[in-house]
Structures are given as C-alpha cells and as structure tokens.
Amino acid sequence: MSDIKEVINNKRTDLNPIWIMRQAGRYLPEFRKIREKNTNFIKLCLNSNLSAEITLQPLKRFDLDAAIIFSDILILPYGLNQKVEFLKNVGPILGDLNINQMSEFTENVFTERVNPVYKAIDLVQNNKLTENKSTIGFVGAPWTLLVYMLNKKSPKQGLKKNFFEDNVLITEILKIIEKFLKIHIKNQVDSGAEIIQIFDSWAGLLEDKDLDTYIYNPTLSLVKYIKRLNVPVICFPRGIKDYKKYCEIINPDVICIDYEVDPNQIVKNVKIPVQGGMKPQILLADKENLKKEAKRYLDIFKDHPYIFNLGHGILPETDPSMMEYLVKIVKDY
Ligand code: 1CP
C-alpha cells in the first residue's frame, strides 16, 4: 500500500508522505517548454500523452508520494460546452452559460468531450513511476465551479454585482454541476484514480449564513458519493473560517488546510488525517527558514496522521531546488 493510503486507511503517524498541490506544471522548466509550444491550455489538458508526461515530470525529479493528474477544475464547464479560455496574465475567461443547453446535456456527450483526461489517468497509473505511489484525481467543489461559471472569470477582484440575484438559475446550475461532478469523479476512478481531492478554492468568499446552501449540502452529497465508490476523499476548503465545523459536517477522509489556519488549533480540534498547511511563499526564501517551517508542521503533527503539503498551490516562481530540499527534509525527518 502507498504511504498516503497507509496514513489514510491505517492512521499511521510514523510515515511522512509528501506531495505538493499544483506540483505538475507551473514552476518546472520542462513544463514551460511544453507549454510554450501548446498555447491552448485546455487543448493541452486534453492531450493524453502530454498530460501524462507533465503529471510525471515532478516524480522524475523528486521523491514524491503521489501524482496529481495534469488537468484543471474548469474542464467541467468545458465538458458542458461552456467556453473556457486561459489568457496570459489574466487567467481563465469563460463564455456565456447556456442553461437550457446544459440542462439537456447527456453523460455520454460529456464523457466523450473530456475522455482524454481519463486516458491520461490510465497512462499515469500504469507507469512504473507511480508504483507504490498514489494517483490523485480531482475536481473543483460545486461552489468554486459555480463561481467561475457564473462570474465568468476569477473572483480575485471580487464577485460580479448581483451574483446571487437569480436564485432559480443558481439552484439549476448547482444541480447540473453536482450531477456532472459525480460522472467526472466516477470516470476518473474507473480510469485508475485512487484518491479524489475536492478543491474549494473560493470557500472563503461566503458568509456563514450561506455555507449550508453553497458548501455543506452539495459537498456532502459528493463526499458520500465518493465514499460509496470506496475511494478516499481529501477536501480543501481554502479560507473557510471554521475547519472544525467543516470536518464535523463533511467528514472527509482527509482535511487539507490552508496556510492561514493555526496548525496547533487543527491538531487539537480535528480527529481525521490532516494534509498541508505550509505557506507556499516559504519556498521563495532561504533554505534555513524552509527547514524550520517544514519541521514546525512535522513537529506539530508528529502524533497525528499527516500528509505533508502546502497550504495552497506551489508558486510559479519557485526554484525547483527548493522543492528538492523540502522533499529531502520531510523524508529525512
Ligand atoms: O499539479 C497541477 O498543476 C495539477 C493540475 C492542476 C490543478 C490541480 C491545474 C493545472 N489546476 C488545478 C486546480 C485548479 N485550477 C484550481 C484549484 C487549486 C487552486 O486554488 O489553485 C483552480 C482555482 C483552478 C483554476 C485555474 N486554472 C486558475 C486560477 C485562476 C484564478 O482564479 O486565479 C488558473 C490560472 C488555471 C490555469 C492552470 N491550471 C493548471 C495550470 C498548470 C495552469 C496554468 C496554465 C498556464 O500555464 O498558463
């Protein structure tokens, strides 16, 4: 069994597995080389051979315990025929959402459109480099996908005015998202994904009173579904204020924490295995400090089932040698 599965299934605390969010792509020169030649990002995600190659790039360099498939959370709206483009220095731009067309979308057409992602998972899972390691599939959480699909761009500068105005429309979109997320998850599992991570990158945008509707209810439905498939699920509700409550309601197999939460509080309040936490910026400074910070997390979680990771994705400007050093610290701990 892979070390990550040992931590999740058997609650081992003597192992220190590590993988890094957004480890594929972004900061590796060998990724940038491929990316330069492939200007259409969605097309690149849908090139099974290249996607598998990019997924495996970090495993060739570093002693990581998991491969996370090179794809994107916005493959879901793409699969539903909503236009998705990635503009340089801007980020994702989505086209208008045609609710009537989406309501009639079939499972077969969706699966056909995103099929190369599943082929890539199969290639990764059957590669020697992932022996004894975990192949991680992922999706965006319903709320985070609703944000992109309705806001039509990153909410970094905030949600558009009247985002919540059309309640009927929002309910309908959420229903469609939930339905196709389950299909997308099942397809990934059938192709060899051994763990599913749910990225709720914009969980922090909501007020407490809206959490039931947009986060707790739809996420719980997904988590229950994934558990029925007999696959562990990792939840990452970035920016959520009350991780303890989130864990009590959602009860994922692993909770992934962001860098703003106090790990000392988490270790006290949360019973389930924990992943992540360290601030990605730490990798941009000096090795001395990196060692200190990594050890701080390892010390805090030394008697708790813990998977080392960052508290958000690795930054594009990270020097690969810092990543190498981090993996060594964690493995030598
Ligand atoms: O390790 C990996 O890189 C695996 C593949 C992966 C994953 C897990 C990519 C490739 N994207 C994601 C998840 C993802 N995508 C999230 C959740 C995690 C997070 O919060 O970072 C989100 C919010 C997205 C949406 C997205 N895709 C953005 C963010 C836009 C914003 O709102 O600020 C961006 C810039 C992308 C493009 C993208 N996805 C992945 C890569 C390598 C890139 C960069 C593409 C490029 O080269 O231009």
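Considering region 291-330, the residues that are among the hydroxyl-bearing types (Ser, Thr, Tyr) and assigned to a helix (DSSP H, G or I) include one that is surrounded by the most Cβ atoms within 10 Å (Cβ to Cβ), namely Tyr297. Of all the criteria given as (1) among the small types (Gly, Ala, Ser); (2) without any contact (Cβ under 8 Å) to a residue 60 or more places away in the chain; (3) within 17 Å of Pro237 (Cβ to Cβ), the one not satisfied by Gly158 is (3).
Checking each residue in region 29-56 for being out of contact with any Ser or Thr (no Cβ under 8 Å at 6 or more places or on another chain) and near the ligand (Cβ under 10 Å from one of its atoms) picks out Phe31, Arg32, Ile34, Arg35, Glu36, Asn38, Thr39, Phe41, Ile42, Ile54, Thr55. The set of residues in region 286-333 that are in contact with a strand residue (DSSP E or B) (Cβ under 7 Å, 6 or more places away or on another chain) and β-branched (Val, Ile, Thr) comprises Ile307, Val327, Val330.
Restricted to region 5-112, the set of strands (runs of 3 or more DSSP E) holding at least 3 residues that are more than 22 Å from Tyr148 (Cα to Cα) and modelled with pLDDT under 95 is empty. The set of residues in region 298-318 being in contact (Cβ under 8 Å) with a residue 24 or more places away in the chain, more than 16 Å from the ligand (Cβ to nearest atom) and not hydrophobic (A, V, I, L, M, F, W, C) consists of Lys302, Asp303, His304, Pro305, Tyr306. If you go through region 196-245 and keep only what is in a helix (DSSP H, G or I), surrounded by 17 or more Cβ atoms within 10 Å (Cβ to Cβ), away from the ligand (no atom under 12 Å from the Cβ) and touching a residue at least 40 places away in the same chain (Cβ under 8 Å), you end up with Tyr214, Ile215, Pro218, Thr219, Leu222, Tyr225, Ile226. For region 65-102, a residue qualifies if it is away from the ligand (no atom under 11 Å from the Cβ) and within 16 Å of Ala24 (Cα to Cα), and exactly one does: Asp65. In region 163-180, is there at least one residue being closer than 20 Å to Tyr78 by Cβ, crowded, with 17+ Cβ neighbours inside 10 Å and not aliphatic (A, V, I, L, M)? Taking every residue of region 163-180 in turn, at least one turns out to be closer than 20 Å to Tyr78 by Cβ, crowded, with 17+ Cβ neighbours inside 10 Å and not aliphatic (A, V, I, L, M).
Number of residues in region 86-101 that are under 24 Å from the mean Cα position of the chain (by Cα) and under 16 Å from Ile170 (Cα atoms) equals 1.
The values are calculated or read from the model by the stated rules, or taken from the named source; none is laboratory data. These numbers come from a predicted model, not from an experiment. Every residue, glycine among them, receives a Cβ derived from its backbone with ideal geometry; neighbour counts consider all protein chains shown.
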